[in-house]
Amino acid sequence: MSHSRFHDLNLSNATLIFADILVLFSIFTLSLVGIGYFSAISLPHYGDATFFIHLILYTLPLQVALLAVGLYNEKLRENFNGIAVRLIVALILAYVLASGFYFILPIPYLPGLSRELIFFLTFMGLMASRFVAISNNYEKIGQVRVLVIGAGERASLIEKCMRRKADRVHVDLYGYVKIEGDSSQHTPKGTKFELDCPLNEFVSKHKIEEIVIAADERRGNLPVDSLFNCKIEGVLIT
């Protein structure tokens, strides 16, 4: 399928990154408020310049570390325990990186064990947000509904290359349309359609966003007029 759809930042990953940034900001802000309320430690207040400096030195290393350990990899194949391990590694990396910034820059550390407590709460918060995201199948956000024209040998190659869930992060493979000339010996697994209406009507009715042509014998068998109408209506033809 199209190169741009598979290699640009997709909506599901953008949503996850935005959610993580929101979680990090909330944890940092509420932690400082809570620590200041329950102890006599003097901490930066929201709105102060020092607050935003500490926020950047907390958030930026974490985002870099989360990216480095693959937690924004759209084809990550890990169970929840594997994600927890990667998250622990990311937090350690971020803590070390942030400590380096504090060592280089003329900025005092947060007093007491404030940073350590914030990083512990960060682990809990990110684990919770990942659990919610995975439970709600966040990877399906922004999926492209794809219809394959052909249900023979060429179409079966697509199905074989996309058997794993991780290979279908961007794609809702809706099904295969049978046409003349398709091999009967090699057929893909999945829903197969025999159209009883023009292709463009079927595409409009089922909200297809992309059509992949994978017919074994294209000459004289493709519904060219219907494909043209689909193209006019904004459906991507691959």
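The values are calculated or read from the model by the stated rules, or taken from the named source; none is laboratory data. Please read these numbers as outputs of a predicted model, since none were measured by experiment. No Cβ is skipped: glycine too gets one built from the backbone with ideal geometry, and neighbour counts run over all protein chains shown. For accessibility, only protein heavy atoms count, side chains too; no ligands or nucleic acids. Shrake-Rupley method; radii C 1.70, N 1.55, O 1.52, S 1.80 Å.
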Residue in the range 31-38 that is surrounded by fewer than 14 Cβ atoms within 10 Å (Cβ to Cβ) and hydroxyl-bearing (Ser, Thr, Tyr) present: yes
Qualifying residue in the range 149-169 (condition: modelled with pLDDT of 85 or more and open to solvent by less than 100 Å² (accessible area, probe 1.4 Å)): yes
Complete set of residues in the range 177-216 that are small (Gly, Ala, Ser) and farther than 21 Å from Leu236 by Cα: Gly181, Ser183, Ser184, Gly190
Residue count, the range 72-92 (criterion: part of a loop (DSSP other than H, G, I, E, B), within 13 Å of Arg130 (Cα to Cα) and without any contact (Cβ under 8 Å) to a residue 24 or more places away in the chain): 2
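How many residues does the range 87-98 contain that are over 15 Å from Thr59 (Cβ atoms) and open to solvent by less than 70 Å² (accessible area, probe 1.4 Å)? Can you show your working first?
Quick first cut of the range 87-98, residues over 15 Å from Thr59 (Cβ atoms) only: 87-89, 92, 96.
From what's left, open to solvent by less than 70 Å² (accessible area, probe 1.4 Å): 87, 89.
Looking only at that region, the number is 2.
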Pair list, Cβ under 7 Å, 6 or more apart: the range 28-52 residue within 15 Å of Glu116 (Cα to Cα), other residue open to solvent by 100 Å² or more (accessible area, probe 1.4 Å) and of a type in the set (Ser, Thr, Tyr): Thr29/Tyr46
Members of the range 182-238 found to be open to solvent by 60 Å² or more (accessible area, probe 1.4 Å), under 21 Å from Val171 (Cβ atoms) and not in a loop (DSSP other than H, G, I, E, B), listed by number: Lys192, Ser204, Lys205, Lys231
Selection within the range 101-123 - open to solvent by less than 20 Å² (accessible area, probe 1.4 Å) and either in contact (Cβ under 8 Å) with a residue 60 or more places away in the chain or farther than 21 Å from Ala65 by Cα (or both): Leu110, Ser114, Ile118, Thr122
